[in-house]
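To start, the structure under review is shown below, and the notes come after it.
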Amino acid sequence: MRHRISGRKLNRKTSHRMALLKNLTKSLLTNEQIETTLPKAKELKPFVEKIVHSGKKNSLHSRRKVFSFLRDNILVNKVFDVLAKRYANRKGGYTRVLRSGFRYGDAAPKAIIELVDRDISAKGYADKKRVEEQRKQGEQETPQEKVTNDEAQIKDKEKNKKVVEDKLENTKQTTSSKKKEKDSKD
C-alpha cells in the first residue's frame, strides 16, 4: 500500500489517465478554453499550471521538459513565446475552472477550464493562419482581445445560464409531448 499518493484516478489506469491528461492539456493550450467534466478539469489544472510556469523560465532544459510532455513543437513554441509573455507578471493561477451545469446523458457535473486573460480569437491551429494573414495585410502586431477575470466570468455565467434554461425548456417540452402521446394511446 502506497501512502501519500494524491490525485484522482478518474476510473482509469495510470497510462490511460496520463494519456487523457496530456490530450486535455494539448486541447486547452491550443484552444485556450475547453469543456469537460469537473473532476477532469480539477485534475488538469496543476498540469497546465506547471507547463506555463516552465515556459516562463525559458531555458533549454524547461523547453525539453515541456516537449517531453506535449510532444508538439507548435504548442511548445506557443507556451514559450506567447503564454510566457502574457503571464510574465502573474505569479500563478494561469487557469480558471467554471462549473457549467450537468451533462444530459448521465448528469455528470461539467466544467469549463480556460486560461486566464485568454485570447478570445484563438482557434487552435487555425489561429496560425489568421496570424499569418494579418501579418501579410501589414499589421505589425496582432490584436488580442483580452478579457478581465470578472468580465469573463460574467459572460460565461450568462452563457451557461441560457444554455441550461434552453435545455430545461426542451426537456419540459419533450416530457409534455410524451405524456400527450401516452394519454392518446390509452
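None of the figures in this text is laboratory data; all of them are computed from the coordinates on show. Everything numeric in this text was worked out from a predicted model, so none of it was measured. A quick note on method: Cβ atoms are made from the backbone with ideal geometry, for glycine too, and the neighbour counts reach across all protein chains shown.
Structure data summary
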read-out	value
Under 5 Å, built H, 5+ apart or other chain: amide partners of ALA111	THR36, THR37, LEU38, SER100
Inter-probe distance in nm under a simple model that places probes 7 Å from Cα toward Cβ, at LYS179 and ARG103	2.9
Nearest-0.05 FRET efficiency for LEU60 and ALA88, computed from C-beta distance (R0 22 Å)	0.70
Shape of region 76-119, Cα gyration tensor, a/c cut at 1.5	prolate
Global geometry of region 37-91, whether rounded, prolate or oblate, following the gyration tensor of its Cα atoms and the 1.5 cut on a/c	oblate
Trypsin sites (Lys or Arg not before Pro) restricted to region 35-126 and DSSP loop, no more than 16 other C-beta within 10 Å	ARG71, ARG90, LYS91, ARG103, LYS123
Rounded, prolate or oblate (a/c below 1.5 giving rounded, otherwise prolate when a/b exceeds b/c) for region 1-65 by Cα gyration tensor	oblate
Table column - 3J(HN,Hα) (Hz), region 104-121, Karplus curve with 6.51, -1.76, 1.60, x for Gly and Pro	5, x, 10, 6, 6, x, 9, 8, 9, 10, 9, 7, 5, 6, 6, 7, 5, 7
Neighbour cut-off at most 14 other Cβ (10 Å), DSSP loop, chymotrypsin sites (Phe, Trp or Tyr not before Pro), region 25-134	TYR104, TYR125
